[in-house]
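A short worksheet on the structure shown next.
The values are calculated or read from the model by the stated rules, or taken from the named source; none is laboratory data. Please read these numbers as outputs of a predicted model, since none were measured by experiment. Note: ideal-geometry Cβ built from the backbone for every residue, glycine included; neighbour counts use all protein chains shown.
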Amino acid sequence: MLALYRVLHEKQHAVSHLVNMCDVDGLHSRSHGLKKHLIARQASAIGIEIVQQETDIKNYEANFKLAIDRLKRLGVTGGIFGDIYLQPHRDWIERVCAEMEIQPIFPLWNHLTIELVNEFIGLGFKTLTVSVNHQFLFQSWLGREIDNGFVNDILKLEGIDPCAENGEYHSFVYDGPLFKSAVPFVKVNEYYRDNHWFLELN
């Protein structure tokens with residue numbers, strides 16, 4: 001969300017679509033465990049059209065390229081990515097974008113993660129954690145608002161990135177300066193799967 005904000009704020013690129021890779025069941029966003037309709041509701045609140053591409057892990061790259069191809073036919077020439085410092089992620093994105101002949105844009109690359117999370121909070125974005133990797137964080141971190149108190153607490157833990165660049169947690173942004181209105185949601189229940197705690201929202 002911060003990468004999108006920076007690009008829109010700098011006004012050097014027009015953003016026509018958001019892309020969301022979904023599970024093959026067509027109901028959930030990959031990794032986050034969020035229901036597909038919540039991501040669509042989020043895009044609607046921002047006012048940018050969304051492409052929700054179904055995929056499994058094995059065919060992720062092929063399906064990602066399908067989504068890019070659809071957007072290229074509409075005149076899209078580049079993609080915005082929120083990666084911060086994981087070089088293998090950037091290498092993969094740059095290879096795929098080169099093969100698809102579009103320009104990758106990395107607004108957050110090599111910025112200090114503590115500065116990024118503080119900027120995000122300072123701008124007024126509202127978000128909560130919807131999954132936590134049990135290898136890094138306990139269940140009690142699930143459903144927490146990402147605010148100054150959250151940052152203060154997470155900095156007390158050794159080896160945890162405050163922006164969760166290593167997958168320590170995933171979050172859902174439901175309001176902020178890009179939103180015409182807050183995204184409505186309700187907390188349903190918490191569940192454990194594949195070494196992660198998830199907060200189900202509806």
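Things worth noting here:
- Hey, residue 42 of a type in the set (S, T, N, Q) and part of a strand (DSSP E or B) or not: no
- Among the residues listed as 43, 67, the single one being closer than 21 Å to residue 177 by Cα, surrounded by 17 or more Cβ atoms within 10 Å (Cβ to Cβ) and of a type in the set (A, V, I, L, M): 43
- Restricting attention to the stretch 46-67, the residues that are assigned to a loop (DSSP other than H, G, I, E, B) and out of contact with any helix residue (DSSP H, G or I) (no Cβ under 7 Å at 6 or more places or on another chain) total 6.
- Given (1) among the acidic types (Asp, Glu); (2) surrounded by 14 or more Cβ atoms within 10 Å (Cβ to Cβ); (3) under 13 Å from residue 32 (Cα atoms), number of the condition residue 194 does not satisfy: (2)
- Selection status of residue 84, part of a loop (DSSP other than H, G, I, E, B), within 24 Å of residue 169 (Cβ to Cβ), at pLDDT 95 or above and touching a helix residue (DSSP H, G or I) at 6+ places or on another chain (Cβ under 7 Å): yes
- Qualifying positions in the stretch 1-27 - more than 16 Å from the chain's Cα centre (by Cα) and assigned to a helix (DSSP H, G or I): 8, 9, 10
- Residues of the stretch 129-158 satisfying the condition of being in a loop (DSSP other than H, G, I, E, B), more than 17 Å from residue 199 (Cα to Cα) and in contact with a helix residue (DSSP H, G or I) (Cβ under 8 Å, 6 or more places away or on another chain): 147, 155
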